[in-house]
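So the structure is just underneath, and the comments pick up after that.
The values are calculated or read from the model by the stated rules, or taken from the named source; none is laboratory data. These numbers come from a predicted model, not from an experiment. All Cβ positions, glycine included, derive from the backbone under ideal geometry; neighbour counts span all protein chains shown.
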């Protein structure tokens with residue numbers, strides 16, 4: 001049976017922003033969801049979401065009315081909020097309701113499901129769509145955001161396979177290419193290619209912020225600086241949350257980055273330009289080969 | 001007198017690439033240069049430059065025929081080559097010929113002028129147009145590259161003011177906004193906003209290159225990684241040259257970056273999310289304020 005065949009009667013979306021909002025916009029357009037209920041702490045954001053028809057009904061809290069009818073509860077809030085949200089959901093979930101998330105760290109998501117929704121665990125699916133942006137909020141929601149993007153599901157092993165396939169199929173329906181990874185591997189991968197670049201970009205801008213001549217320096221910053229630091233304009237709360245949730249992987253990468261800087265410092269100290277050339281060349285080839293695959 | 005009033009009869013461009021090629025294309029279009037002679041070690045590049053009319057005549061070496069008639073010799077090669085080029089130019093320069101460069105490090109440029117063209121020093125102008133790109137070669141030369149870009153002249157103090165004003169006016173004519181900075185200050189500024197981002201981007205990609213799971217990681221790299229590492233696709237020889245020429249400033253910045261990473265490691269270790277939020281917020285505000293000024 002095609003898991004997307006029967007539309008969901010109700011999706012309850014907790015956190016009506018770029019990721020969750022864009023997902024439900026596409027699902028409704030495709031006829032895969034009949035009604036979307038939005039829950040958000042920010043009333044103004046909820047009003048925008050209603051105006052733009054991202055959601056059909058809006059609530060400020062998790063309650064029987066907002067959650068009781070949901071076939072799928074999608075949690076699209078900062079990752080640190082998932083435990084409290086799971087606890088709050090527990091009394092209101094229908095027995096067969098699916099619960100899924102979109103967070104950037106998956107060990108923490110699975111831990112939250114296990115601890116706070118243990119009886120419901122077979123219906124809890126940990127997922128991560130790869131479609132970041134420095135835009136956020138209901139106004140950032142857009143059709144087609146996930147077209148050609150990747151979706152990673154990290155099974156915890158206790159899922160009903162129907163539920164897992166259903167979530168996967170919904171993301172595929174909105175255009176994403178689905179992958180499955182072990183949660184620990186997922187967190188290591190995204191620490192390396194996403195969380196660490198953010199951390200380093202924030203660190204680099206902070207070095208200029210801390211420098212007495214930083215404001216003079218910035219007068220002459222150009223396109224290299226602009227692209228290199230784009231992700232330092234990301235939402236500080238979201239990124240503090242992600243980095244803290246994935247801190248073990250990140251601390252390992254910070255150690256690696258320190259060693260790279262030590263290597264470079266040694267090369268600069270020795271004046272060995274051929275070694276510096278080889279180092280840069282290896283990095284360039286790695287990056288160019290990656291780019292060719294995109 | 002308007003220093004751009006009389007067109008230059010001949011510019012000799014040494015290194016026919018993105019920067020020098022784009023500059024002379026605009027100067028000829030504006031009627032500010034009558035003839036451009038190109039010198040380049042790469043014969044194929046010279047042929048492209050002739051075909052595209054970036055240069056009118058092409059030579060593979062510095063000699064009486066290529067340099068003797070020049071009113072302006074513009075050196076647009078990797079910064080480490082300037083000393084040898086100055087030595088080679090010396091026997092062929094007309095007494096009143098201007099010599100200028102486009103290099104990203106200016107203490108090294110002034111040292112080369114002082115050491116290898118001492119009698120000609122009043123006609124040597126150290127300049128740096130801020131218009132990087134990861135494209136290079138004569139085929140990358142384009143009209144309008146410098147429109148709205150910055151040009152920094154770093155006076156050594158022995159210039160004839162006419163020559164300095166003339167060079168400045170030529171860059172302004174092609175659309176650049178001209179600044180003057182002390183050479184040491186220039187090198188500190190560009191270490192911070194350009195050379196260090198390149199070094200860190202190379203270092204970050206090198207960390208993935210060195211990691212046993214690096215290739216798996218790259219499969220999931222997305223837009224954040226793409227922009228953060230764009231400058232790691234820069235030309236390794238050019239960047240090894242620049243970083244080595246500016247290594248004192250860079251080593252100071254590497255020390256600063258190590259301290260930022262230590263701070264972040266400490267915050268992650270302590271689990272103090274509020275401190276991480278403040279750190280990210282300070283960086284974001286710095287970057288957003290900069291972006292608003294662009």
Q.
Looking at segment A:158-173 only, could you name the residues that are in contact with a helix residue (DSSP H, G or I) (Cβ under 9 Å, 6 or more places away or on another chain), buried (at least 20 other Cβ atoms within 10 Å of the Cβ) and assigned to a helix (DSSP H, G or I)?
A. A:163, A:170, A:171
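Please tell me if residue B:60 is assigned by TED's automatic domain parsing to the domain that holds residue B:169, in contact with a helix residue (DSSP H, G or I) (Cβ under 7 Å, 6 or more places away or on another chain) and without any contact (Cβ under 8 Å) to a residue 24 or more places away in the chain.
Numbers: assigned by TED's automatic domain parsing to the domain that holds residue B:169: yes; in contact with a helix residue (DSSP H, G or I) (Cβ under 7 Å, 6 or more places away or on another chain): yes; without any contact (Cβ under 8 Å) to a residue 24 or more places away in the chain: yes.
Against the criterion (assigned by TED's automatic domain parsing to the domain that holds residue B:169, in contact with a helix residue (DSSP H, G or I) (Cβ under 7 Å, 6 or more places away or on another chain) and without any contact (Cβ under 8 Å) to a residue 24 or more places away in the chain), residue B:60 qualifies.
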Q. Restricting segment A:270-290 to residues that are assigned to a helix (DSSP H, G or I) and more than 7 Å from every other protein chain (Cβ to nearest Cβ), which is surrounded by the fewest Cβ atoms within 10 Å (Cβ to Cβ)?
A. A:274
Q | Hits in segment B:136-157 - residues which are more than 15 Å from the chain's Cα centre (by Cα), more than 20 Å from residue B:119 (Cα to Cα) and in a loop (DSSP other than H, G, I, E, B) | A | B:142, B:143, B:144, B:147, B:148
Q. So which of A:28, A:65, A:9, A:35 is closer than 22 Å to residue A:169 by Cα, exposed (fewer than 15 other Cβ atoms within 10 Å of the Cβ) and out of contact with any helix residue (DSSP H, G or I) (no Cβ under 6 Å at 6 or more places or on another chain)?
A. A:9
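Residues checked against (1) in the same structural domain as residue B:83 (by TED's automatic domain parsing); (2) in contact with a strand residue (DSSP E or B) (Cβ under 6 Å, 6 or more places away or on another chain); (3) closer than 19 Å to residue B:24 by Cα; (4) surrounded by fewer than 16 Cβ atoms within 10 Å (Cβ to Cβ):
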site	(1), (2), (3), (4)
B:108	yes, no, no, no
B:116	yes, no, no, no
B:120	yes, no, no, no
B:127	yes, yes, yes, no
B:132	yes, no, yes, no
B:139	yes, no, yes, no
**Q.** Members of segment A:174-212 found to be more than 16 Å from the chain's Cα centre (by Cα), in contact (Cβ under 8 Å) with a residue 12 or more places away in the chain and assigned to a helix (DSSP H, G or I), listed by number
**A.** A:200, A:201, A:202, A:204, A:205
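Just checking, which of B:256, B:214, B:252 is surrounded by fewer than 22 Cβ atoms within 10 Å (Cβ to Cβ) and facing chain A (nearest Cβ under 7 Å)?
Details: B:214 fails: facing chain A (nearest Cβ under 7 Å); B:252 fails: facing chain A (nearest Cβ under 7 Å).
Exactly one of B:256, B:214, B:252 is surrounded by fewer than 22 Cβ atoms within 10 Å (Cβ to Cβ) and facing chain A (nearest Cβ under 7 Å), namely B:256.
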Q) Within segment A:96-135, how many residues turn out to be assigned to a helix (DSSP H, G or I) and more than 14 Å from chain B (Cβ to nearest Cβ)? A) 15
Q | Any hit, segment A:74-83, residues being assigned to a strand (DSSP E or B) and surrounded by fewer than 20 Cβ atoms within 10 Å (Cβ to Cβ) | A | no
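Just checking, how many residues over segment B:143-165 are closer than 15 Å to residue B:122 by Cβ and in contact (Cβ under 8 Å) with a residue 60 or more places away in the chain?
Adding up the residues that qualify gives 3.
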Q. Assuming residue B:91 fulfils every condition listed in (1) assigned to a helix (DSSP H, G or I); (2) at pLDDT 95 or above; (3) more than 14 Å from chain A (Cβ to nearest Cβ) apart from one, which condition is it?
A. (1)
